[in-house]
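Working notes, structure below.
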Amino acid sequence: MTMINRTAIFILTMFAIIVFTQSSVLAQKAPPFSNDIMMDNHTYVFFMADRFEYNMNSGLNPLVLDAQGYIGKDLNKFWFKAEGEALTAETEGEMEFQGLYSRAVGPYFDAQAGIRYDVAYNADDSQSRGFAVIGLQGLAPYLFEVDGALFVSDAGDISASLEAEYDFPITQRLWGQPRLETSLAVQEVEKWGIGSGFNNVQLGFRLRYEIEREFAPYIGISWNRKLGQTADFTRLEGGEASVFGLIGGVRMWF
Amino acid sequence: MSENKTNGITRRTFLRYSASMAAIAGVSSILPGYALAGFGSEKRDVLTPQGPDNVIDLTIGKMPHMVDGKRGEAIGINGSVPAPLIRLKEGQDVLLRVTNELDEPTSIHWHGILLPFQMDGVPGVSFDGIKPGTTFEYRYPVRQSGTYWYHSHSGLQEQLGHYGPMIIDPASEDPVEYDREYPVVLSDWTFENPYNVLEKNVKMEGYYNYQRRDVGEFLNDVKKKGFGSTIKDYLSWGQMRMSATDLLDITGATYTFLMNGHGPESNWNPLFKKGEKVRLRFINASAGTTAFDVRIPGLDMTVVQADGQNVKPVSIEEFRIGIAETYDVIVEPKDEKPYTIFAESLDRSGYARGTIAPRKDMMAAVPELRPRPKRSHRDMGMMMDMDGMDMEGDSMMEMDHGDMDHGNMDHSDMNMSAMKETPVKHGPDKHGPGAAAIAQNQFNRMGEPGIGLGNDGRNVLVYNDLKSLEPNIDERPAEREVELHLTGNMERYMWSFDGKQFHEVKGPIEFEHNERLRLTLVNDTMMEHPIHLHGMWMEMENGNGIYNPRKHTLLLQPAQRISALVTPRDKGRWAFHCHILYHMERGMFRVVQVADEDGNIYGQDYA
């Protein structure tokens with residue numbers, strides 16, 4: 001083959017390759033690398049009224065709400081909690097709200113920090129106070145849902161609370177839920193009826209039926225025992241230190 | 001070997017006939033109509049390349065989809081769920097024109113096909129996706145043969161029916177002899193919005209699990225094993241904050257399991273003639289978490305292909321098919337009677353089924369769902385069960401087959417040998433908050449059929465049985481090793497590799513062009529994950545040397561350690577992920593980049 005032939009073939013081949021690569025869809029470039037193409041960094045909104053119940057006890061019959069939820073991503077969330085009770089027989093009630101930054105500190109636990117705001121009212125009066133909060137919430141070994149927090153009030157009083165719940169299936173839709181709640185204060189705060197030391201123990205057992213996972217009516221019992229000085233304050237006000245009640249309510253979430 | 005022709009026409013003569021007919025008249029279908037009888041609604045068709053440019057046109061759009069008499073809204077292709085069967089021939093250069101009639105972007109990924117990466121169809125990785133109202137031209141040379149499939153790689157579209165089978169006929173003679181064939185596309189269907197399905201799992205662990213160990217089961221266990229050991233067992237699971245019934249994240253509580261688009265009620269009904277060799281091309285196109293256990297009571301199956309690659313024939317009675325895997329089996333019905341093709345979901349919360357019969361509308365008995373299995377401590381990567389197969393504890397043999405004669409189990413050899421191997425200990429990395437349980441010991445497990453299988457005397461396919469028919473080309477030993485751990489947290493519904501979700505990683509995993517690489521995968525979770533690598537084969541190291549099977553998807557059992565040899569021949573950017581759609585979307589996804597020496601990924605290499 002002559003030099004000219006070889007050159008011609010070479011040029012034509014090169015030309016063909018250029019035309020092919022230029023005209024062909026194969027010349028498309030990949031999009032720049034992005035790690036934002038999956039739904040793994042999505043913001044979710046969750047709200048759950050874990051307890052929304054009517055408590056039949058010695059005539060006071062409080063309505064109890066215990067709700068919480070979040071808005072956020074897997075590891076970092078804004079968490080909100082609301083818990084309170086209002087008596088239905090009298091004009092009296094107490095509510096607390098918390099707004100917390102929540103950060104995953106392990107596979108099962110979130111560390112939380114933020115503020116708490118309490119409101120209490122009765123027929124004559126109402127009062128409020130604020131707290132700084134730090135806490136730990138998650139799933140403990142043996143599948144206990146626990147929520148423990150330490151509070152420092154705007155008056156410098158220190159207190160703590162612990163809640164633990166355990167859920168077990170009796171059938172696939174009927175669940176049993178024992179529940180424990182206790183609180184502790186370092187200083188006495190008479191205005192709020194709180195003595196120092198352990199304030200109270202609240203034990204409950206609820207039986208809920210999940211019509212849907214999101215909507216489960218329940219019945220149960222609860223026993224609330226005020227302790228020590230706190231019990232004394234309650235008795236002074238004419239209340240009972242130990243209250244046993246039948247409860248009926250619904251757990252809902254979305 | 002039944003060479004006898006039924007009704008005068010064998011597959012090969014038919015193919016020859018139809019190929020010439022196609023050449024003369026441009027006949028669209030090269031498959032006889034009967035071969036796909038009952039594949040789907042009448043609209044469904046076999047698509048073969050048309051004209052000198054080998055064109056196939058596909059249109060993606062919303063459509064109603066009837067599942068066992070209930071109407072749902074699906075995303076179909078050419079009006080069909082599953083999408084039509086695409087039939088190509090090795091050696092063709094094809095042009096697949098895909099038009100998007102949805103009001104959102106879409107894509108088609110050609111699952112298991114080696115092609116220029118820009119044609120791979122992963123939005124954000126290999127191209128920009130197909131915008132609403134536009135047409136994208138997929139153009140690639142077909143360099144392989146076998147059973148494959150195609151599906152959306154956009155959002156959760158795959159859950160809505162955007163998947164279909166793809167068969168590529170070999171350029172030379174097919175080493176598998178058969179008279180008739182059917183694709184069998186297994187999938188899961190929900191009438192719920194898939195985004196809600198995902199969200200429910202994020203918000204509530206085990207939302208769809210209605211098979212927990214409840215009080216009734218506890219009492220049964222006490223009766224069987226005594227109070228002490230039952231308590232010990234339940235407490236040990238509680239202590240680990242794990243559930244022995246975490247089998248699938250999404251279950252029959254929302255899913256209807258489909259066989260070629262048919263629910264169990266509407267019964268997909270393919271036909272055979274007595275004595276024929278029927279090739280069933282099983283494809284698990286599930287989007288959710290559904291691994292299926294497939295058997296045809298009364299018929300032995302001979303596995304001849306796995307993930308599109310011919311394997312030395314293995315005779316079995318049952319096999320597990322992970323999501324995205326394919327298995328071709330040959331059955332030879334000797335009697336003129338119907339047989340049920342039964343595909344149970346791994347967690348036994350439902351099944352897909354069809355009836356293969358000599359005539360239409362015949363029915364065989366549909367087996368009962370077996371009791372759902374339970375996770376063992378071995379699945380948690382614990383050594384406890386290795387010590388002499390403790391029947392008291394929660395060993396693999398204690399899988400809720402209380403009424404079964406343990407003496408009849410034929411899997412003991414297999415498991416014992418698996419038990420003798422030395423497990424690999426997990427390193428110090430706990431992978432962070434996104435990883436719940438770490439498998440402290442990692443087992444080979446390729447001789448184990450998987451949870452809930454192998455305990456009832458059936459001959460079940462295991463990964464060790466797979467042996468490539470042709471030797472692999474690259475005989476080099478591995479020059480480099482890449483190890484990745486499959487991690488997750490069911491409680492938070494976070495899924496990841498090495499504890500990092502996809503949005504947390506800085507860039508792609510780099511593979512070098514034409515290097516010989518050992519890819520080691522370790523499942524640190526206690527659930528099964530089908531791991532899929534685009535654009536190149538994984539030669540699964542199951543001890544068969546150059547006959548190690550080539551796979552595009554590896555189903556990893558809990559606490560399993562698998563390695564595969566890889567030669568990245570095609571430059572480009574390739575997706576690598578768990579094929580459980582929800583796990584992928586929640587972070588168990590990576591990009592593998594194969595660049596040349598200059599970091600260039602746009603070149604092509606067809607060698």
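Read-outs throughout are calculated quantities, based only on the coordinates presented, and are distinct from any laboratory measurement. Please read all numbers here as calculations on a predicted model, not as lab measurements. Here the Cβ is made from the backbone with ideal geometry for all residues, glycine too, and neighbour counts use every protein chain on show.
Within segment A:209-254, list the GluC sites (Glu not before Pro) lying in a DSSP loop whose Cβ has at most 12 other Cβ atoms in a 10 Å radius.
Here the GluC sites (Glu not before Pro) that fit, given the DSSP loop and packing criteria, are A:GLU237.
Grab the DSSP H runs of the protein assembly as shown that are 4 residues or longer, score each as -39,500 (n - 2.57), total them, divide by all residues and round the 222 nm result to the nearest 500 deg cm²/dmol. Each step should come with its number before you reach the end.
On the way: 8 runs with 93 residues, N = 861.
Rounded to the nearest 500, the figure is -3500 deg cm²/dmol.
With respect to the cross-link table entries A:LYS77/B:LYS571; A:LYS77/B:LYS430; B:LYS200/B:LYS430; B:LYS131/B:LYS571, which display a Cα-Cα separation exceeding 30 Å? Each step should come with its number before you reach the end.
Values: A:LYS77/B:LYS571 40 Å; A:LYS77/B:LYS430 23 Å; B:LYS200/B:LYS430 27 Å; B:LYS131/B:LYS571 25 Å.
A:LYS77/B:LYS571, as the Cα separations exceed 30 Å there.
Cα centroid distance between segment B:350-379 and segment B:445-492, in Å?
Segment B:350-379 and segment B:445-492 have Cα centres separated by 24 Å.
Let me know the mean shielding of A:72-79 by other chains, meaning the per-residue number of their Cβ atoms within 10 Å of its Cβ.
Numbers: counts 0, 3, 12, 7, 0, 0, 0, 0.
Partner-chain Cβ atoms within 10 Å, mean over residues of A:72-79: 3.
For B:PHE576, B:PHE117, what ranking results if the residue with the fewest other Cβ atoms within 10 Å of its Cβ goes first?
B:PHE576, B:PHE117
Compute from the Cα atoms of segment B:197-340 the Rg and the Dmax, the latter being the longest Cα-Cα distance, and quote both in angstrom.
20.0, 57
What's the exposure ranking of B:HIS579, B:HIS503, going from fewest to most Cβ atoms within 10 Å?
B:HIS503, B:HIS579
Quick check: Cα centre of segment B:498-524 to Cα centre of segment A:134-180, how many Å?
39 Å
Calculate log10 I(q)/I(0) of the protein assembly as shown for q = 0.10 Å⁻¹, where I(q) comes from the Debye formula with a single equal point scatterer on each Cα and nothing for solvent.
-1.11
Separation between the A:PHE244 and B:ALA253 pseudo-spin-labels, each 7 Å from Cα along Cα→Cβ, expressed in nm?
3.5 nm
How many angstrom separate the Cα center of segment B:193-260 from the Cα center of segment A:203-244?
What the calculation gives is 30 Å, centre to centre.
If R0 is 56 Å, what FRET efficiency do you get for B:THR134 and B:LYS224 from their C-beta distance, rounded to 0.05? Please report the intermediate quantities before stating the final value.
Values: r = 61 Å, r/R0 = 1.10.
For R0 = 56 Å, the calculated efficiency reads 0.35.
How crowded by other chains is B:479-491, given as the mean number of beta carbons from other chains within 10 Å of each beta carbon? Numbers along the way, then the final one.
On the way: counts 0, 0, 0, 0, 0, 0, 0, 0, 1, 1, 5, 1, 4.
Average neighbour count from other chains, rounded to a whole number: 1.
Ratio of Rg to Rh for chain B, alpha carbon only, Kirkwood? List each step's numbers first, then the result.
Numbers: Rg = 23.3 Å, Rh = 24.6 Å.
Radius of gyration relative to Kirkwood radius: 0.95.
Counting Lys +1, Arg +1, Asp -1, Glu -1, what net charge surrounds A:GLY195 among other residues with beta carbon under 14 Å of its beta carbon?
Working: positive: A:LYS191, A:ARG225, A:LYS226, A:ARG235; negative: A:ASP157, A:GLU188, A:GLU190, A:ASP232, A:GLU237.
Surrounding charge for A:GLY195 is -1.
Grab the Cα-Cα distance for B:VAL424 and B:LYS232, subtract it from 0.36 nm times how many residues apart they are, and report the gain in nm with one decimal. Intermediate results must be reported in sequence, preceding the final value.
Working: separation 192, 0.36 × 192 = 69.12 nm, distance 2.68 nm.
Taking B:VAL424 through B:LYS232 to full extension adds about 66.4 nm, to one decimal.
Under 5 Å between amide hydrogens, which residues at least 5 positions from A:ASN199 or on another chain qualify, with H placed 1.01 Å from N in the peptide plane?
A:SER183, A:LEU184, A:ALA185
On average, how many beta carbons from a partner chain sit within 10 Å of the beta carbon of a residue in A:157-170? Don't skip to the end; give the middle numbers.
Working: counts 0, 0, 0, 0, 0, 0, 0, 0, 0, 1, 0, 7, 11, 4.
Partner-chain Cβ atoms within 10 Å, mean over residues of A:157-170: 2.
Percent antiparallel among DSSP beta bridges with both residues in chain B, to the nearest 5? Write down the numbers at each step before the final one.
Working: 94 of 129 bridges.
Bridges in chain B that DSSP calls antiparallel: roughly 75 percent.
Could you sort out which of B:LYS62/B:LYS360; B:LYS203/B:LYS374; A:LYS73/B:LYS506 sit more than 22 Å apart by Cα distance in this structure? Show your work: numbers first, answer last.
Numbers: B:LYS62/B:LYS360 31 Å; B:LYS203/B:LYS374 24 Å; A:LYS73/B:LYS506 19 Å.
Table pairs above 22 Å Cα-Cα are B:LYS62/B:LYS360; B:LYS203/B:LYS374.
Could you sort the peptides B:123-131, B:54-62, B:145-153, B:547-555 by per-residue average Cβ neighbour count (10 Å cutoff), highest mean leading? Can you show the working numbers first?
Details: B:123-131: 20.9, B:54-62: 16.9, B:145-153: 25.4, B:547-555: 23.6.
Top of the packing list down: B:145-153, B:547-555, B:123-131, B:54-62.
Among B:VAL278, B:ASN267, B:VAL294, whose Cα lies farthest out toward the positive end of the dipole of segment B:253-314, if unit charges sit on the beta carbon of Lys, Arg (+1) and Asp, Glu (-1)?
Working it through, the farthest residue towards the positive pole turns out to be B:VAL278.
Using the number of other C-beta atoms within 10 angstrom as an exposure proxy, rank A:GLU163, B:GLU539 with the fewest first. Don't skip to the end; give the middle numbers.
Numbers: A:GLU163 20, B:GLU539 26.
So the ranking, lowest neighbour count to highest, is A:GLU163, B:GLU539.
Please give the peptides A:178-184, B:190-196 ranked by average Cβ packing (other Cβ atoms within 10 Å per residue), highest first, as a rough proxy for protection.
Details: A:178-184: 17.6, B:190-196: 15.0.
Descending packing order for the listed peptides: A:178-184, B:190-196.
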